[in-house]
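Each value in this text was obtained by applying a stated rule to the coordinates, not by laboratory testing. Computed from a predicted model, the values in this text were never measured in an experiment. All Cβ positions, glycine included, derive from the backbone under ideal geometry; neighbour counts span all protein chains shown.
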Amino acid sequence: MNRHHPWQGGFRVGWLDFVMLRYACEVVGSLDMLAVTCLDRPAELPSLQICRRYHCNDTLIERIVPAPALSLEYQEGITHTLRQCRPLLEPIADVDALLALLEHDLAIPVGITSRGATADDKRLTATASSTWMEQRHHL
């Protein structure tokens with residue numbers, strides 16, 4: 001479990017924010033796979049929720065459009081708008097439903113999952129395993 005340590009400082013936690021995740025994926029560009037960590041944490045919680053949209057001034061926001069070019073004014077506008085928004089949380093059944101939703105909504109496969117702090121707690125998914133085998137075959 002992540003706790004306060006001198007080398008990392010404070011550690012914030014919260015529900016998975018699909019709006020920010022979509023935005024980050026668009027800004028970064030093409031991704032081969034996702035690595036999803038801390039999947040042991042939801043088992044300790046009474047319920048599991050996610051944020052797929054924000055409510056902002058009578059509008060629902062599901063996507064933040066990245067700037068077409070680097071623009072601090074545009075980024076300031078995004079920040080100003082987001083300060084007026086509140087996340088709309090919705091329940092999700094379990095971690096498996098969360099992983100399926102990630103793959104569906106982002107159209108990016110989950111390649112690695114982690115359900116603990118050690119290397120033994122990490123798993124390659126079938127997608128990652130087949131991709132790794134394909135790459136080895138082409139070497």
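Annotations
- Taking the charge dipole of the chain about its Cα centre, with +1 at Lys and Arg Cβ atoms and -1 at Asp and Glu Cβ atoms, the residue from ILE108, GLN84, HIS55 reaching farthest to the positive side is GLN84.
- Shape parameters for the chain, alpha-carbon atoms, Rg then Dmax in Å: 17.5, 54
- Here the spin labels are modelled as points 7 Å beyond Cα on the Cα-Cβ line, and at ALA126 and ASP58 they lie 4.8 nm apart.
- Taking label positions 7 Å along the Cα-Cβ direction at both LEU45 and SER30, the computed distance is 3.3 nm, reported to one decimal.
- Using C-alpha pairs under 8 Å with a sequence gap of at least 6, the mean separation divided by the residue count of the stretch 16-138 gives a relative contact order of 32 percent.
- Lys, Arg +1 and Asp, Glu -1 on Cβ, resulting dipole of the stretch 16-138 about Cα centre, debye, nearest 20: 80 debye
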